[in-house]
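Novice: Mind looking over this structure? Questions follow.
The values are calculated or read from the model by the stated rules, or taken from the named source; none is laboratory data. The shown structure was predicted, so the numbers you read here are calculated from the model rather than taken from an experiment. Every residue, glycine as well, gets a Cβ built from its backbone with ideal geometry; the counts of neighbours run over all protein chains shown.
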Amino acid sequence: MTKTDPTKPVTPPPAANNVVPLQPPVETPRPHEKVVSFVKRHPVLTVAGALAAGAAVSALLPRKTGRKTLGKALSLAEAAGAASVMFGREAGEKAHSLGSGARGQVSLLGSKAGKAGHEAADKLEKYGLAALAAASALGRATARRAGELGETAAEKAAEKAARIGHSASERSHQAMAAASDLKKRITP
């Protein structure tokens, strides 16, 4: 058994199934970014807060310095209010321009999709008509070929029937001649 160093912490060996993935550190925004973000999100609340802060400062100051300080506080409050209105207006304009741009993009995408749909329908119609014409031509060619084969079969059947009929006629004539000859022999 070996001795371990008491100042060195003992860590157990890592197990294969006990591995915990580390998550990347979350980046926190800087203070000025937080303030600008808050003013952009809540312009009315910022103006109201500036006015309330101005009123609180004027109430805390003695009356002698009231007019000058009040003027400065009011001008600061006006500046804060103007800044918040400006940020709010800019945010509204940016949101409006983004919405207009998005609407235009969606409209353009919709018109392209509609155009593609019409083109696809036109192509399918052309292919359908071509397939119909090909099927019609094939049907006519098949009917013509069947008619030709039928006529050829009918001609051959007629020829064969004529030969059979001629052969049957000859045999019946021979049978009649044999019967007549037999009759002559039998009769005295």
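Novice: Being assigned to a helix (DSSP H, G or I) and farther than 30 Å from Glu33 by Cβ narrows it down to one residue among Ala102, Ala83, Ala121; which is it?
Specialist: Ala121
Novice: Moving on. So, of the residues in the range 37-81 that are of a type in the set (Val, Ile, Thr) and modelled with pLDDT under 85, which turns out to be nearest to the chain's Cα centre (by Cα)? Steps first, answer last, please.
Specialist: Filtering the range 37-81 for residues of a type in the set (Val, Ile, Thr) gives 39, 44, 46-47, 57, 65, 69.
Of the ones still in play, those that are also modelled with pLDDT under 85 are 39, 46-47, 57, 65, 69.
Values: Val39: 40, Thr46: 44, Val47: 46, Val57: 60, Thr65: 70, Thr69: 64 Å.
This residue is Val39.
Novice: If you don't mind, there's one more thing I want to ask. What are the residues in the range 111-159 that are hydroxyl-bearing (Ser, Thr, Tyr) and more than 34 Å from the chain's Cα centre (by Cα), if any?
Specialist: If the condition is that a residue be hydroxyl-bearing (Ser, Thr, Tyr) and more than 34 Å from the chain's Cα centre (by Cα), then Ser136, Thr142, Thr152 are the ones that fit.
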